[in-house]
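The next block holds one structure in the form of structure tokens; read it before the comments.
The values are calculated or read from the model by the stated rules, or taken from the named source; none is laboratory data. If you're wondering where the values come from, they're calculated on a predicted model, not measured in any experiment. Reconstructed Cβ throughout: ideal geometry from the backbone, glycine too, with neighbour counts over all protein chains shown. Areas reflect the complete protein model, heavy atoms only, side chains present, ligands, DNA and RNA absent. Shrake-Rupley method; radii C 1.70, N 1.55, O 1.52, S 1.80 Å.
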Amino acid sequence: MNAAAALLADSTPGQLLPAREMMAFTLASHIMLVPFGVALPFVTLVMHYRGMRKNDPVALLLARRWSAVMAVQFAIGIVTGTVLSFEFGLLWPGMMGRWGDVFGLGFGVEAWAFFLEAILIAIYLYGWRRLKPRTHFWLGVPLPLAALMGAFGIIAANSWMNTPQGFTLGADGNPVDVTVRQAVFTPMFGPEYWHFVVAMFLTAGYVVAGVYAVGWLRGRRDRYHRLGFTVPFTVAAILTPLQFFLGDNIARQVFQKQPIKFAATELVWNTGTHVPEYLFGRLQEDGTVKGGLKFPQLDSILAGFSPDTQVTGLSSVPAADRPTATQATIAHWAFDIMATIGSVLILLALWYAWCWWRRRDLPASRWFFRSAAVAGVASVITVECGWITTEVGRQPWIVYQNMRVSEAVTPTAAASLWTMFGIVAAVYVLIFGAFLTVLLKMRTRWRLAGSGAAAASVDPPETDTPYGPRAEHAAAAPGAGGAPGSES
Amino acid sequence: MTAVVVAWILLIAIAAYACGGGVDYGAGFWDLLAGGAERGRRPRWLIDHAMAPVWEVNNVWLIFVLVLMWTGFPVFFQTVFTALWLPLALAAVGMVLRGAGFALRKPTKRLAQRRIYGAVFAISSLVTPFFFGTVVGGVASGRVAPGTTASADVWANTTSILTGLLAVAATALLGAVFLTADARRFGADDLVGYFRLRAWIGCAMVVAVGVIGLSVTDPHTSYVHHGLTHGPGLFLVIAAAVALAVTAGLLAGPAAGYARYSSVAVVALSVAAWGVAQRPYLVPTSLTVQQGAGASAPLQWMIIVAAVALVLIGPAVVLLYRLDTHGVLEPLTDEDVTE
Ligand code: HDD
Ligand code: HEM
Ligand code: HEM
């Protein structure tokens, strides 16, 4: 660390706080949509396939409805994602200026993948009516692959920030001799990618199933709800135990490759063996832990399968090079919440598997459906917690051990950033609120239609619905007679 | 060498976004001016239909531009996003509002709410290209240099403002031209004349802003101005002007559909003229393409990725636009999602 950088590190610029808050807020919002962007096409295609093969109108109806939801969700995902790209420049120009060429390639792959995804999704969403059913289905099949490729790009970039490599530092501190393969396939890439991808499918599965679990609890026990619940829930339940293993694996990778982050997520202060595991609890400035459940030796055992495993502690590096006590506590809680929810979800999956194995039927208990309804929300929370673990645990580094967050931040005045953050927050609240409202409205409309109430009674008379079939002839379009738009 | 190739790819991506995104923004522009709910109902109906399947795809060009910038020319990216902070931040907000407004307007049934979403969509369709334009103008004006911090002067100067207005005018032109063709495609004959008139208005706007822009010389802008009025830059400007005249002419005749191609040529040629005029600089006159280029290995890979992607995506894009222009793509209706 040269003197100038050390000096920089000491002075925390005022822009840092708003920049971080804004990044965290916009990422946390975007990530709520990502499971659906990545996995909803897959879940929908599974349903679609079932509908086609068994000639099942209920399954096809579900697939069409999920497509209608996807159309809106995809759009919101795109705009919130584009904001993130802007923020790289608006908030962290220092990082991009120095490292953009080293880790940018992942984003290059991601952008092309999104392109493919946007094209295919447009064809899939708008192809229901006119394309031949087979053609339509097969044009949708590459969608999950494109989504996996997009995730590849993003996770490549993020894992590079966690375990940067693929360059040497020149005399001026700038990277030279970039090796692309090393910069893309960093040590954390594999563990992060698989854990992430499975998280996305699992979350999408539980959320979609959760919607039908609620319907089930309210007494709608028809085949429609049964199917809408079973298909996504089965996908998610199969993945849950797998995710537990992947989570255990990624934790051990963090232990080996980002020891200080591991120390933060496990509240380890002094380097040593026979390190205890804390469930929750708060790290104090002096290194003691307040509250929480203490399990002697367990942390060493989990990290290296033996109580003699040595675990690096936070105090092994200077205070300026590690997360603060508060940050460590945040990362620790996030990690513990994730692991707890992950473990509880396994019980739910086992319950389901048991009933299926014994009776070939869904569990009868209302408690099962209550838990299933909660599982969707819980897995979204888990995803958020996972990212908080990753990002907060990395502090104060934006590029682990190579660049501090404070060196990367924009010189733009804090006041401008706070204002911008305020605007963005307000806009996001409105957009997500409107998004939810639209979804709920759709649901109500479908439910009323399903229960036989005339569609007309749902919509107030003022409704205008210019979104009927795309009219071949203007006669079918609204207002054709009056042609109010024509020049007069 | 690699850097120059990537710089050209970047320029092509910018041109593609200016054209693809421009058509969309232009549709929003005319949505804004379409009048009250009753009077504007038919034009808005057409705008919605024409845009729906493709706007997400058009938006991706913007992502490319950003990714190419920070991977290919990291210092350039840092410089632009630091010096032109405010217009970029505002453009980002505008883009969010616009996408969300459009996406949410569709499934909303109540007129009052549709109006709100529609207004948000339309106003931000005007604001966003304006700010993107000021950013281009800010770069071209030579007021940006590595290390420049954000200030109003960088983008609120004559060149920037005029470029912003030119961007709006260009989107208005593109939008109206495409809508004219769409009106014919959907058999909405009454709207053909409606949008044709607006396309001519767009032509006039582009001419007016362009002429003012080229005649008002700002001492800061001398490098780019010289490039636009001499040699290959001038040639491209003239070509753009010719394409504009062709567009206006085609609109009058029976082959108005071809005006789409010529209007795209107007915008693409203008972007090309700007790029050529500021050669060899990324930021005239402080950062050249060579100085701003990132490490060479990623640059080479960027080109490889782009080539592979072209093979994968080229056919998909063609398929999408073909299906779309043949009317095969249409949104699900209420009957499709009810039993
Ligand atoms: C439904 C989602 C879900 C579930 C059930 C789990 N995780 Fe997770 N986890 C994620 C969703 C997630 C995530 C959001 O996808 C993260 C964020 C970054 C990443 O790659 O995946 C993540 C990150 C993440 C990290 C941080 C990696 C880093 O800093 O680079 C660790 C150590 C774990 N997880 C460990 C676990 C363990 C031990 C679990 C035990 C059950 C677990 N996860 C369940
Ligand atoms: C800092 C991090 C991130 C950035 C800069 C980012 C950027 C973007 C951008 C620019 C888009 C819009 C693309 C388009 O216009 O088509 C987008 C959408 C999307 N993002 Fe993110 N993203 C980030 C985090 C993530 C993560 C962690 C994932 C996980 C794979 C992800 C997955 C997606 C997906 C699947 C979409 C498509 C839209 C959708 O399906 O909802 N993003 N993102
Ligand atoms: C999509 C899910 C993600 C979430 C929810 C998330 C969460 C967060 C949070 C909470 C912070 C603030 C940390 C702090 O202030 O202590 C942060 C910072 C940041 N994250 Fe992530 N992150 C995600 C993925 C990514 C990805 C994929 C990238 C880049 C490829 C990324 C890049 C950054 C950057 C540049 C910062 C700012 C610097 C910093 O504070 O570390 N994030 N993120």
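A Förster distance of 22 Å, applied to the separation of the beta-carbon atoms of A:His274 and A:Val317, puts the FRET efficiency at 0.55. Overall, the anisotropy analysis places region B:3-47 in the prolate class: the square-rooted eigenvalues a ≥ b ≥ c of its C-alpha gyration tensor yield a/c not less than 1.5, with a/b exceeding b/c.
Oblate is the label for the protein assembly as shown. Its Cα gyration tensor axes, ordered a ≥ b ≥ c, give a/c of at least 1.5 and b/c at or above a/b. Under the combined filter of DSSP loop state and at most 14 neighbouring Cβ atoms within 10 Å, region A:353-400 retains these trypsin sites (Lys or Arg not before Pro): A:Arg360.
Structural size metrics of chain A, computed from C-alpha coordinates, are Rg and Dmax of 25.2, 88 Å. Ordered from highest to lowest accessible area with the whole protein assembly present and a 1.4 Å probe, A:Thr82, A:Thr230, B:Thr285 read as B:Thr285, A:Thr230, A:Thr82. Give, as ranges by residue number, the residues of region B:58-85 whose backbone N falls under 18 Å from the point 7 Å along Cα→Cβ of B:Gln290. Taking a point 7 Å out along Cα→Cβ of B:Gln290, the residues of region B:58-85 whose backbone N falls under 18 Å are B:73-76.
Each Cα pair under 8 Å and six or more residues apart adds its sequence gap; the mean of these over the residue count of chain A is a relative contact order of 17 percent. Rounded to the nearest 10 degrees, the inclination of helix B:231-252 to the longest alpha-carbon principal axis of chain B is 10 degrees.
Note on region A:234-369: Rg/Rh from C-alpha atoms, Kirkwood Rh, equals 1.10. Cross-link pairs exceeding 25 Å between alpha carbons, from the set A:Lys261/A:Lys294; A:Lys132/A:Lys441; A:Lys261/A:Lys290: A:Lys132/A:Lys441.
Ranking B:Gly138, B:Ile63, B:Val96 by Cα position along the charge dipole of region B:2-294, where only Lys, Arg, Asp and Glu carry charges on their C-beta atoms, puts B:Val96 farthest toward the positive end. Note on B:Ala145 and A:Ala171: their simple-model spin labels are 2.4 nm apart, each label 7 Å out from Cα toward Cβ.
The candidates B:Val311, B:Val135, arranged from most to least accessible area with a 1.4 Å probe in the full protein assembly, appear as B:Val311, B:Val135. Spatial offset of region B:184-201 relative to region B:4-50 amounts to 16 Å, using the alpha carbon center of each. Shape of region A:379-430 from the C-alpha gyration tensor: oblate (a/c of 1.5 or more and a/b not above b/c, with a ≥ b ≥ c the square roots of its eigenvalues). The distance linking region A:176-223 with region A:136-166 is 12 Å (Cα centroid to Cα centroid, whole angstrom). Among the protein heavy atoms, those of A:Phe245 account for about 140 Å² of accessible surface (1.4 Å probe, every chain in place).
Between 0 and 90 degrees, the angle of helix A:189-217 with respect to the longest Cα principal axis of chain A falls at about 40 degrees. The mean number of partner chain beta-carbon atoms within 10 angstrom of a residue's beta-carbon across peptide B:302-314 is 3.
As an exercise, use a Förster radius of 35 Å and the Cβ-Cβ distance of B:Tyr261 and B:Leu214 to find the FRET efficiency, rounded to the nearest 0.05. Working from the Cβ atoms, E equals 0.90.
Region B:285-319 and region A:305-356 have Cα centres spaced 40 Å apart.
For chain A, the longest principal axis of the Cα atoms and the long axis of helix A:16-53 meet at an angle of about 40 degrees.
Rounded to 0.05, the FRET efficiency of the A:Leu436 and A:Glu21 pair, given R0 = 22 Å and the Cβ-Cβ distance, is 0.45. In the assembled protein chains, A:Lys54 presents an accessible area of approximately 110 Å² (probe radius 1.4 Å).
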